[in-house]
1. Can you tell me which condition T222 does not meet? The list is (1) touching a residue at least 24 places away in the same chain (Cβ under 8 Å); (2) surrounded by fewer than 17 Cβ atoms within 10 Å (Cβ to Cβ), and all the others hold.
2. For the range 161-212, which positions are acidic (D, E), without any contact (Cβ under 8 Å) to a residue 24 or more places away in the chain and out of contact with any Leu (no Cβ under 9 Å at 6 or more places or on another chain)?
3. If only one of T340, T368, T383 is touching a Pro at 6+ places or on another chain (Cβ under 7 Å), surrounded by fewer than 24 Cβ atoms within 10 Å (Cβ to Cβ) and polar (S, T, N, Q), which one is it?
4. What are the residues in the range 252-277 that are in a loop (DSSP other than H, G, I, E, B), touching a Ser or Thr at 6+ places or on another chain (Cβ under 9 Å) and farther than 23 Å from R294 by Cβ, if any?
5. Being modelled with pLDDT under 85, in contact with a helix residue (DSSP H, G or I) (Cβ under 6 Å, 6 or more places away or on another chain) and surrounded by fewer than 24 Cβ atoms within 10 Å (Cβ to Cβ) is true for just one of A428, A402, A432, A406. Which residue is that?
6. Report yes if G199 is surrounded by fewer than 16 Cβ atoms within 10 Å (Cβ to Cβ), under 17 Å from the mean Cα position of the chain (by Cα), of a type in the set (G, A, S) and under 30 Å from V474 (Cα atoms), otherwise no.
7. Looking at (1) of a type in the set (D, E); (2) in the same structural domain as F361 (by TED's automatic domain parsing); (3) at pLDDT below 95, can you tell me which one E226 breaks?
8. If a residue must be in contact with a helix residue (DSSP H, G or I) (Cβ under 6 Å, 6 or more places away or on another chain), modelled with pLDDT of 65 or more, in a loop (DSSP other than H, G, I, E, B) and farther than 22 Å from V363 by Cβ, how many such residues does the range 450-479 contain?
Amino acid sequence: MGGWNSLLAGVGLVAFGFGLLSILLSVVYPMPIAWVMGNLGLGALLLVAWAASNLDALRERLSSGEARRAGKYGSSAVASTLLGIAILGMLGFLSTRYTKRFDWSEQQVHSLSDQSRKVLEALDRDVNVTAFFRPSDAPPVRDLLERYDYESERFRLEFADPNARPDLILELGLDETDLARGLVRIEMGGDSVDLTAFGEPDVTNALVKLTRTGEKKVYFVTGHNERPIEGEAAEAKDGYRRAAQALRNENYRVEELVLGAAAEVPEDADVLVFAGPTRPLLSREHAALDRYLRAGGAALVMIDPRAQTDLDETVRTWGVELGDDIIFDARLALFGAAATPFAGKYDEHPIVEGFREPAIFHVARSVTIRDDGPGVFDTVVYTGEESWAERDIAGYQASGRAAAGADDLEGPVPVLVAGSLVFDGGDAENGAESANPARVVVVGDSDFASNEYLDAYLDRDLFVNSVNWLLGDVESISIRPNQSRASRLQLSNDQFQRLQYLSLFVLPEAIAVFGVLAWWARRRGAGRS
């Protein structure tokens, strides 16, 4: 009978304890009265039953040495608990002096991106950052800015309550309207940037703007049916509005250029982008482009298969061959669409440094390096091992089927090359370069940077990194910040409350009851043995 009494006592304590806990928490979480009273009533009943059946045993224990031993061991347990609390307190104190951050999220959304860390590593001067927020509004921004503070000793962070620091507001000449929504002032040397948007791209772009000397300009050439960056057509899925905005986010100036209307490429052009032209250039446009490159310019040329442009002839004179073909990959392709292959291989190059996931292309052509011409090129991106470049395009268009043949280019197929052009008899490999070698990137596809595909996989990084490399901004080349993947479960209010009760009370109480049962079973088994 004694064994059963122990079980009654244990279950009674659990039920009564959870009943009291429910009363305490009812201030925060509205509790069903039946749940609270049921626990208290059942717990009290079991405890009374246990006490009534063990009155004689209780009197004997209190008058025996067992009670004294229990007091002795109880005192030891209390002392051990206090020592444990002291150790935990010391560890907490040390953690405030010596911090180490961990990020176990799938997309590493609680860590700075590779780009942000590169910018911080390149700082050669201290950056003073003052964040003006009310204490209740500060935590989300504090979490982000403290990541920067953790990564660099040159990033000096201070939080100020606008209501408590009117002197600082007056000293910095800040606007009270912006302060009402919160503001971050970033200062370096004699320059400063005020932020009213507080994402990682905003902070990093501000640092890039303060550290970058001079303004760099990217022109998208128009007039040959290139993909638009402005106007209504730029918003369509094959437009380039997002691509242009991605460059603006890097603090580059982006504009369109009607090359045929200008006698020369503008002097402030740091990069020319040819985004999928389908019509030939005028002779004067070819001449202007040639003079621009011979003066040390840079160009990103993206040409789709069968495009009715003569730029492929110009590219051939540089030492790059754009194949009259279409790349297929029946295995490594988007949803099995063989004409939409993934990048299967990256060679070592700053443009793709750190790439561990694929980029995606859509109806692309091969891009191979020739032995002649003034260019010194490297192949940067290939499609998969089982891909091929189909050269019988007419047969494919007639039948709608493609299969690797003897005349096709076997995979992996090169789809992006990058290099320099050394004119006037220069030799880049032997160091006898012309005064200003041009930089060129040639891609056999322009869809990968369109609105439809830019944010898929690593297409945005491939496009922006190509422009970064052409501009010589190697420190800006990286993979952009990851975004957390939203996972939503739509619940009604009643469903949410039931889930809340289950997780906060029912499951913990069930675990406690099972613990009592396990303890009782082991004790009973030991008594029988």
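1. The one condition T222 does not meet is (2).
2. Step one: of the range 161-212, the residues acidic (D, E) are 161, 167, 171, 175-176, 178, 187, 191, 194, 200, 202.
Filter once more, keeping what is without any contact (Cβ under 8 Å) to a residue 24 or more places away in the chain: 167, 171, 175-176, 178, 191, 194, 202.
D167, E171, E176, D178, listed by residue number.
3. Working: T340 fails: touching a Pro at 6+ places or on another chain (Cβ under 7 Å); T383 fails: surrounded by fewer than 24 Cβ atoms within 10 Å (Cβ to Cβ).
Result: T368 is the single residue among T340, T368, T383 that is touching a Pro at 6+ places or on another chain (Cβ under 7 Å), surrounded by fewer than 24 Cβ atoms within 10 Å (Cβ to Cβ) and polar (S, T, N, Q).
4. G276 - this is the single residue of the range 252-277 that is in a loop (DSSP other than H, G, I, E, B), touching a Ser or Thr at 6+ places or on another chain (Cβ under 9 Å) and farther than 23 Å from R294 by Cβ.
5. On the way: A428 fails: in contact with a helix residue (DSSP H, G or I) (Cβ under 6 Å, 6 or more places away or on another chain); A432 fails: in contact with a helix residue (DSSP H, G or I) (Cβ under 6 Å, 6 or more places away or on another chain); A406 fails: in contact with a helix residue (DSSP H, G or I) (Cβ under 6 Å, 6 or more places away or on another chain).
Sole residue among the options that is modelled with pLDDT under 85, in contact with a helix residue (DSSP H, G or I) (Cβ under 6 Å, 6 or more places away or on another chain) and surrounded by fewer than 24 Cβ atoms within 10 Å (Cβ to Cβ): A402.
6. In short, yes.
7. Only one criterion is unmet by E226, namely (3).
8. Residues meeting the conditions: 2.
The values are calculated or read from the model by the stated rules, or taken from the named source; none is laboratory data. Being a predicted model, the structure only gives us computed values, none of them experimental. Cβ: placed from backbone, ideal geometry, glycine included. Neighbour counts: every protein chain shown.
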